[in-house]
1. Return the whole-Å distance between the Cα centroid of the range 89-147 and the Cα centroid of the range 41-84.
2. For the pair Ser130 and Asp59, how long in nm is the line joining their label points, each one 7 Å along Cα→Cβ?
3. Protein chains only, probe 1.4 Å: how do Asp133, Asp59, Asp187 rank by accessible area, largest first?
Amino acid sequence: MNRFRLGSLTVLAGVVALLVGVLAPASAAGSARAPYCGLVWGSLPESSAASAAGLEVTDVRAGRHACFDRLVVDLRGPAAATGYSVRYVDTVHQVGTGTPIALDGGAALEVIVRAPAYDRYGRATYLPPSRGDVVDVDGFRTFEQVAWAGSYEGSTTLGIGTRARLPFRTFTLVGAPGDDAVRVVIDVAHRW
């Protein structure tokens, strides 16, 4: 009988310890909850001062992923990283005129890529199908709208209307040797 009680008490103690570990709040040292999907991004401005002459915007596309929505700006030219500036703003403005661009969603992400959407002769290398809807983002979890703000003085500006001010990351991908593709990638998380 003692062995039965001891075994029952041991099992009961184990169950109680398990429940306390699951239900009790984490200690201050252990309260750093694992980021959603392992993401450790923030929502502060991101930029790169890299400058690569000769790059031109050739396409803008978007994709849905399990934990984030992605916008890709395709560039053509010498395979080198290009500069960019990505930040949340109150309003994205049309370049050259300063006219405010209305964006759907709860937050506005301004994307400036330091490459024009025209060649050295002024001919367009990329024209969006629609200035208000550069890419179709219907059904995306974070992106509400992608709008064209223009290409002026060697830079191209886009506005992304997002559901809320959510974490994002920005980086460039440079093609392999002999490949003249460069991409500026903006990922915006589905949630914090």
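1. 13
2. Inter-label distance under the simple model: 2.0 nm.
3. On the way: Asp133 90, Asp59 55, Asp187 0 Å².
Of Asp133, Asp59, Asp187, the descending order of accessible area is Asp133, Asp59, Asp187.
The values are calculated or read from the model by the stated rules, or taken from the named source; none is laboratory data. Everything quoted here is computed from the prediction, not taken from an experiment. Note: ideal-geometry Cβ built from the backbone for every residue, glycine included; neighbour counts use all protein chains shown. Heavy atoms of the whole protein, side chains included, go into the accessibility calculation; ligands, DNA and RNA do not. Shrake-Rupley method; radii C 1.70, N 1.55, O 1.52, S 1.80 Å.
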